[in-house]
Amino acid sequence: MKILLLAGDGIGPEIMVEAEKVLTALALPVMLDRALVGGAAYAATGHPLPPETLAKAKAADGILFGAVGDPRFDSVERHLRPEQAILGLRAELGLFANLRPAKMFAGLEDSSALRPEVASAIDLLIVRELNGDVYFGEKGTRMTASGEREGYDIMAYRESEVRRIAHVAFRAAQGRRGRLCSVDKANVLETSQLWRDVVVEVAADYSDVALSHMYVDNAAMQLVRNPGQFDVVVTGNLFGDILSDQASMCVGSIGLLASASLSEGKQGLYEPIHGSAPDISGQGVANPLAMILSLAMLLRHSGDDEASAARIEAAVAKVLADGCRGADLGGTMGTAALGDAVVSALNG
Ligand code: NAD
Ligand code: IPM
Ligand code: MN
């Protein structure tokens, strides 16, 4: 298997080192390659997603991605900003299905922002559409007739886009507890009404899945009131972005949630749901567990190696059950110490 490592910016390279330690400890027959991405690539080449990086990404079976984003480049032209690298990879590789699982870890219930008895029931999967929505519609800044500046971003979904993500979500629900909640804003948005209509049409193929619908404002509330009610949640690009960050704090830290971005085939990009965390980068305190869990997802989905994925996940669970905690979870362990603890748990 060919794995491309794209460490990126901020804490990206720090947490990537820890995922590589885990990969080395597994001693799998993989071919590793690396490339520049994000602000690091922009600084070196003038583009956040240089052609060499895109070519290597297209040729890889699995891409392990750290994070992009650098405050130094927050005001360069939008198409050259670090974030365009991850958006470009998602679009160019057709990675339309973003799976963001959130599950409580044994021993972590007291670290949740929620009461332990509420948090302990969390075991959900957010299926976030990743190639459409307000992210990829026409956007710009224009002058109104009265001479005001006006920013706009068109929100749109085609029925084919909704249908393919709905199928992914229904199939995921079949493999879990058989419940799917589609989150939208159909009471206000035409985009969401079409979303809901198409999800209902697709449901006809999945009589074994119980489908429900929820408005996104209510979903944000229900996620903290009673997250245990959710099995699979399917939603659009923007709502999924926001709800997944929220779900991370229900578990305990944004440094814990991994994701897989998949196309129709086996190829995928795997990354923590968090960003480059410029506020803590360079300090050796970032939580590497989301990055390490992203490696597990890579081995499972793109490598067909369920055994190695399960081994990594068990090692992470053991480390947390043993009380290992970084600063994000109220502890004192640094990035490297946490990575080392996972490697020990892997072998132990
Ligand atoms: P962020 O996720 O980077 O950080 C939010 C907060 O969470 C910060 O206080 C940070 O220190 C903390 N945090 C994040 N990851 C952590 C970890 N592993 N361990 C401990 N603490 C962690 O979000 P932001 O601050 O809004 O964005 C920073 C930059 O990252 C921006 O440039 C943004 O565009 C970018 N970003 C990139 C991605 C990506 O590459 N996929 C995702 C989100 C944000
Ligand atoms: C994420 C990030 C990205 C997104 C940004 C960096 C483009 O927030 O992966 O969650 O909004 O999708
Ligand atoms: Mn996000």
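The values are calculated or read from the model by the stated rules, or taken from the named source; none is laboratory data. All values reported here derive from a predicted model rather than from experimental measurement. Virtual Cβ from ideal backbone geometry, glycine too; neighbours counted across all protein chains shown. Ligands, DNA and RNA are stripped out before the accessible areas are found, and what is left, the full protein with its side chains, is counted by its heavy atoms. Shrake-Rupley method; radii C 1.70, N 1.55, O 1.52, S 1.80 Å.
Amide H to amide H, with H built 1.01 Å from N, Ser182 comes under 5 Å of Ser212, His213, Met214, Val234, counting only residues 5 or more places away or on other chains. The loop-placed GluC sites (Glu not before Pro) in region 1-78, going by DSSP, that have at most 16 neighbouring Cβ atoms within 10 Å of their Cβ come out as Glu77.
Computed from the Cβ-Cβ distance with R0 of 41 Å, the FRET efficiency linking Glu117 to Ser160 stands at 0.45.
Computed from the C-beta positions of Ala321 and Gln283, the FRET efficiency with R₀ = 22 Å rounds to 0.25. In this label model, Glu306 and Asp74 are separated by 4.5 nm, measuring between points 7 Å along each Cα→Cβ vector. When only Cα pairs below 8 angstrom with a gap of at least 6 residues are kept, region 67-167 shows a relative contact order of 21 percent.
Couplings 3J(HN,Hα) for region 204-213, derived from phi with the Karplus relation 6.51 cos²θ - 1.76 cosθ + 1.60 (θ = phi - 60°), are 4, 7, 10, 5, 8, 10, 8, 9, 10, 10 Hz, where x marks Gly and Pro.
Annotation: amide H-H contacts under 5 Å for Val285 (H modelled 1.01 Å from N, sequence separation of 5 or more, or interchain): Thr335. With labels modelled as points extended 7 Å from the Cα through the Cβ direction, what inter-label distance (nm, one decimal) is found for Val17 paired with Asp197? Inter-label distance under the simple model: 5.4 nm. Taken over the Cα atoms of the chain, the convex hull encloses 141 Å³ per residue.
Heavy-atom accessible area for Lys103, with the other protein chains in place and a 1.4 Å probe, reaches approximately 110 Å². Within the assembled protein chains, the solvent-accessible surface assigned to Val76 is about 30 Å², based on a 1.4 Å probe.
When the chain is treated as a GNM with alpha-carbon contacts under 10 Å, the residue of Asp245, Asp205, Asp70 showing the greatest mean-square fluctuation is Asp205.
Using Cα-Cα distances under 8 Å and only pairs 6 or more residues apart, what relative contact order does region 127-177 have, in percent? Show your work: numbers first, answer last.
Values: 44 pairs, mean separation 18.6, N = 51.
That works out to 36 percent.
When all protein chains stay in place and ligands, DNA and RNA are ignored, the 1.4 Å accessible-area order of Leu54, Leu269, largest first, is Leu54, Leu269. Adding -39500 (n - 2.57) for every DSSP H run of four residues or longer, then dividing by how many residues the chain holds, sets the calculated 222 nm ellipticity at -12500 deg cm²/dmol.
If you put +1 on each Lys and Arg Cβ and -1 on each Asp and Glu Cβ, how big is the dipole of region 157-244 around its Cα centre, in Debye rounded to 20?
Here the size comes out at about 280 debye.
Pairs spanning more than 29 Å between alpha-carbon atoms, out of Lys58/Lys139; Lys58/Lys103; Lys21/Lys318; Lys103/Lys266; Lys103/Lys185; Lys185/Lys318: Lys58/Lys103; Lys185/Lys318. Note on Thr332 and Asn218: the extension gain reaches 37.4 nm, defined as 0.36 nm multiplied by sequence separation minus the Cα-Cα distance.
How high is the FRET efficiency from Ser207 to Leu32, r the C-beta distance, R0 45 Å, rounded to 0.05? The calculated FRET efficiency here is 0.50. Couplings for region 9-19, taken from phi via the Karplus curve 6.51 cos²θ - 1.76 cosθ + 1.60 with θ = phi - 60°, read 10, x, 6, x, x, 5, 7, 5, 4, 6, 5 Hz in order; Gly and Pro are left as x. Measuring nothing but how far apart in sequence close Cα pairs (under 8 Å, 6+ apart) lie, relative to its length, the chain scores a relative contact order of 22 percent.
Heavy-atom accessible area for Thr141, with the other protein chains in place and a 1.4 Å probe, reaches approximately 110 Å². What the phi angles of region 255-260 give under the Karplus curve with 6.51, -1.76 and 1.60, with θ = phi - 60°, is a coupling list of x, 10, 9, 9, 8, 10 Hz, glycine and proline written as x.
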